[in-house]
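Input: a single structure, listed below in structure tokens.
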């Protein structure tokens, strides 16, 4: 049976759904981000227009867009709101998180049900055994390999685009690419509007088979179009949080810094973290992260920037 594994890390909480020993779904929940499903106390900052697009401000000063304006509430009045979409970093950072009015009292987001695993894992890294490093590489690069082909995933302001390319004959590539795209959408948490560009194939039956391959691997809820004559299919999934691809695209240095802290947590004693200058600068701004790591591994943490290293090539060395 699939099982969620939940690991509380430094700056983030990681969760993976494992089936047959491999990650089929994953989430990275950032510290400081108000999670979808949370109900908070707020005040109405702007009433909006024509019953739409009101703005509420939480006690922490964060503003939330309410697509449906609350009835009977005037600007400045208190109300409780439920978060329906978290803040999305990067290319859509200007967009406010979404919320709606709630009759429930302020409360945290419902906890993800799963098995909590220790971090660091003392030689038994269940996330890594299931493919965690490969998952992060896919999120960072936007590249997902499958037998006979490759997906190229590109987040844009309008939608996330997935291009399918490879060496297989067109019908085989369309079928294999559709299956791989459906699996990647689930694994990387892609949501909202998603466009998949498959190879152009002749015949309605081949296009229907590609669409059926998506349906077979991507759980509901989602809506999709048929695969058109040019090989394009659009999928709409509920969007509650940033995908792993968006987390890396939105702040690559922060994502790589957190990944480096996880790798370093398996060490013991004083260590120096060596990484790209942008990653080191991020760690310098978050001294609480390195202080937590020092307490975990039982030694002081130093930092050294190396411009010759790629963004994801950071490592820990004896200090």
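Derivation of every value follows stated rules applied to the coordinates shown; laboratory data play no part. The structure displayed is predicted, hence computed values, not measured ones. Cβ coordinates were reconstructed from backbone atoms using ideal geometry, including for glycine residues, and neighbour counts include every protein chain displayed.
Details
- Whole-percent pair-distance distribution, where bins are 10 Å wide, for the alpha carbons of region 251-318: 24, 61, 15
- Gyration tensor verdict on the chain (Cα atoms; rounded if a/c is under 1.5, prolate if a/b is larger than b/c, oblate otherwise): oblate
- Take each peptide in 53-65, 104-116, count the other Cβ atoms within 10 Å of every residue, and average; sorted highest first, the result is 53-65, 104-116.
- Among 84, 101, 268, the largest mean-square fluctuation in a Gaussian network model of the chain, built with springs joining Cα atoms closer than 10 Å, belongs to 268.
- Peptide ranges 128-138, 252-262 listed from the most packed, as the mean C-beta count within 10 angstrom indicates: 252-262, 128-138
- Ranked 225, 38, criterion: other C-beta atoms within 10 Å, fewest first: 225, 38
- Neighbour counting of Cβ atoms within 10 Å sorts the residues 159, 1, 143, fewest neighbours leading, into 1, 143, 159.
- Dividing the alpha-carbon radius of gyration of region 39-101 by the rule-of-thumb value 2.2 N^0.38 Å gives 1.03.
- Taking a point 7 Å out from the Cα of residue 317 in the direction of its Cβ, the residues of region 270-301 whose backbone N falls within less than 16 Å of it are 270-277, 280, 301.
- Exposure proxy ranking, count of Cβ atoms within 10 Å, fewest first, for 241, 43, 186, 304: 304, 43, 186, 241
- Residues of region 128-164 with amide N under 17 Å of a point placed 7 Å along Cα→Cβ from residue 112: 128-140
- Backbone N within region 72-91 under 19 Å of label point (7 Å from residue 104 Cα along the Cβ vector): 79-87
- 222 nm mean residue ellipticity, helices alone, for the chain (DSSP H n ≥ 4; -39,500 (n - 2.57); rounded to 500): -8000 deg cm²/dmol
- Alpha-carbon Rg with Dmax, taken over region 142-237, Å: 11.8, 33
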